[in-house]
Structure formats: C-alpha cells, structure tokens
Amino acid sequence: MTTTAAATAAHPDPAKAQIAGAYRAHEPEVLAIARAIHADPEIAFTEHRAQERCADLLERAGFTLERGIADLPTAFRATIGEGSLVASLCVEYDALPELGHGCGHNLIAGASLGAALALAEQVAQLDLTLVVIGTPAEEHGGGKQLLIDRGAFDGVHLSLMTHPTPHTDTYDPIGSTSQAVGRWRATYTGRGAHAAANPSDGINANDAAVVAQVAAGLLRQRIRDGQRLALIPIQTGITNIIPETAVIDFECRALTMPEFELLREQLFACLEAGAVATGASVEIVGTEPVYEPLRQDEGLGQAWNDAMTVLGRPLRGSLGAITASTDMGNVSQRVPSLHPFVGITGAGGALHTREFAEHADSPEGYRLMADAAVAMAWVIHDVATDPQLQEGIRARAEQLAATDARAPQP
C-alpha cells in the first residue's frame, strides 16, 4: 500500500474528500495494474496486455467499454455517466524498445485510471460524462492523432493526463509547451553498377544520401533555439556495388507550427538536393502523424495548481518550453487540455533512460501517481461545479473545434 498522507488527508470540501477516499479504496487494484504494466513492457501498437488490464478494471467498475476503437486493436474507450459536460482522461501504456518504461507510462496509466475510479460515483450529481481513452503508441506512431482523425475525441470538452519527470519539483503547467515533431523516410533510387568495372555507369544513391546529410548539417547553423533536426541512414549499400537504393529516416522539431513548417521545408530541400546533385530520384513519405505543440489550458492549470497545493506539492515555477514532444499536443490543439509534469521525489537521470525506468517502479513514483490521480479528479470536479470555469472551458472547446475543422493537420 503506497497511499500518501496528502492524498488521504481530509479536504475542506466534502465532495473532494469523498473523491480522495474513493481513490484510496481503489488504490490497491490501480497500483497492481501500474506495477504489472511496468513489469510487462509492450511497445507501440502491441500493448495488448496493458490495454486488457486497464479496460478490464474499468469494466468491473461499471464503465461501458469499447475495445479496439478507431481500428486500433490496443485502444479503448470507457464511459460512465450521461451528463452534459464530457471530460476525458488519457491512458498511455506503450513502452520504449529495450528500455521498458523509461518514460513512466505505467504511472500515467495508473494516474488516469485512479482519477476515473475516484470520480465514478459522482458523475450523476456532477452532470458529467466521464470518458477514459486508452491511447496507444505515444512514443512512436502518433496514436492520439489517429484517434482524433477517427472521431474518438469528438464531443469532448476537456482532456487530462499527467506525466512524471525525473526532477523532484512539481511545475506550474500554465504557459509551458512542447516541441512539434515530424518524422519521414527518404528513399533514393539510382542505378546499380560494379564498383570497380564500370562505376561511371551507375548513379550512386548513397552519394545522394551523403549530400543530403551534408546539406542538413549546414542548415543547423541557421536554425533557432528550440529547433532540432536529425537524420539516420538505415540503408546504404556495400562497397563493391554502386548502390541503387539508399534510405534515410529523418525528423525536425520546433516550438510553434509556423516555425515547424518552415524548418520542414528547409529540411526537405536538403533531402531533395541530394537527388538533384547526383541524378538520383527521391521519394519522401511520412512515417507517423506530426506531433503538435502542447497548449496548456489556463483554467485547468489553475485548478491543478490549487490541487497540488492542497496535496503538499508546492510549485517550483514553470518548465516553459520543453525540448520533447508528445501527441497530447495534438489533443490540446483541438480540446481544452492539461498535461502537467510532476517530479518523482529524489529521482535523477533523464526520461528515456534505464535509471528513470527504475524510478517509475519506486515508492515515490507510486506516491506521485496517487497525487496525480486525486488532483486530476479534483480538476474535473472543479470544472463541473464552477459555472464560470465550465463556461470558459465550453467556449474554448467550441472555438478549438471550429478552428480544427478549418485546418487539417499538415
């Protein structure tokens, strides 16, 4: 049992105290699932056991389950209540290849499940429809954008999830953002020849790839702070053949979509320059949806900050612009959203490391999970019971939905 003193402390609002108590009642099963997901890592689009564990728990608690939604076998949607306010909690559970849960998605899953169970008994009196969405393939694959495209977030007024960090501090989410990122594959096609007998008859596809990498390297001196690019050759050839085919995987990142789109154009020009210089042809295809920057909702953020104070996690400023990317950014561009970062006390290292994977299965990691679950439930309660806050959320949801209808993803 890892329930924290903060999470079990009486709240001056009886309804919120009841929410904390409901989490406490469900904590053993939430903790068991978070530990099981950590011990049994599954990478993007293969999270069958994690999905089953999460969905089964919610079904036992009275949620209506839809499994394999949006043609994604490892996604799900669980719903309870029939209220006019529709709130969603995102459950992530994919692991990193070779590193397991070095991004703490087991804690993300547990926090969202815990928040859902803590609120379940109050949905009728809150005039709330509570939706829990199992979102596969955050690390690679853009699962949330695929779910958006296929209607899983239609009609949702607000969406929440919480991300652990390796820092001890808890951060004010208001004003923080993440990088947009796009990933592509460039395939160069030349003409094969014997490298010794008739090299001049060939068109060296690998030379085209080398020219592209040199051009991209020179582009780096022109990019701004907060922008990044990376290229990795994945097929080059062998020395005694003029390569007919060469393949590069590449990506770029920026803090705003206009900056991202400009950098993408510049990077594509570098890849195309390799073909122009050598006479090869090039085909560029996207390998996953573009991840868009986070847009943290200020109203939700203030409610979160109030909850963190009650739970004994004082704020240590904002993370500001985060040099990382998440497909929760895509949700936040279409639905008022919050994606706060909470530190695991005493955790060092960095995300996406084996060290952090150990912290994600620690007592302090599960203490964070408990606090995040209660805090997210309190935030949803605040929106449901504060007419002014709810009016603002609904207005922003309507505005974002209208904007999204006019502007499809790049």
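Points to keep in mind about this one:
- Residue 331 being in contact with a strand residue (DSSP E or B) (Cβ under 7 Å, 6 or more places away or on another chain) and touching a residue at least 24 places away in the same chain (Cβ under 8 Å): yes
- Screening the stretch 334-364 for residues that are touching a strand residue (DSSP E or B) at 6+ places or on another chain (Cβ under 6 Å) and of a type in the set (A, V, I, L, M, F, W, C) and picking the one that is farthest from residue 89 (Cα to Cα) gives 357.
- Members of the stretch 23-69 found to be part of a helix (DSSP H, G or I), more than 23 Å from residue 96 (Cα to Cα) and touching an Asp or Glu at 6+ places or on another chain (Cβ under 9 Å), listed by number: 57, 60
- For the stretch 153-177, a tally of residues being of a type in the set (A, V, I, L, M) and surrounded by fewer than 24 Cβ atoms within 10 Å (Cβ to Cβ) returns 2.
- Breaking point among (1) outside any helix (DSSP H, G or I); (2) touching a helix residue (DSSP H, G or I) at 6+ places or on another chain (Cβ under 6 Å); (3) not β-branched (Val, Ile, Thr), for residue 144: (1)
- Residue in the stretch 341-359 that is assigned to a loop (DSSP other than H, G, I, E, B), modelled with pLDDT of 95 or more, surrounded by fewer than 21 Cβ atoms within 10 Å (Cβ to Cβ) and not assigned by TED's automatic domain parsing to the domain that holds residue 106 present: no
- Among the residues of the stretch 110-139, those that are under 20 Å from residue 166 (Cβ atoms) and either basic (Lys, Arg) or in contact with a helix residue (DSSP H, G or I) (Cβ under 6 Å, 6 or more places away or on another chain) (or both) comprise 110, 111.
- Residue check, residue 135 more than 22 Å from residue 24 (Cα to Cα), crowded, with 23+ Cβ neighbours inside 10 Å and of a type in the set (S, T, N, Q): yes
- Being in a strand (DSSP E or B), surrounded by fewer than 24 Cβ atoms within 10 Å (Cβ to Cβ), outside the structural domain of residue 297 (by TED's automatic domain parsing) and not hydrophobic (A, V, I, L, M, F, W, C) is a property that does not hold for residue 224.
The values are calculated or read from the model by the stated rules, or taken from the named source; none is laboratory data. All values reported here derive from a predicted model rather than from experimental measurement. All Cβ positions, glycine included, derive from the backbone under ideal geometry; neighbour counts span all protein chains shown.
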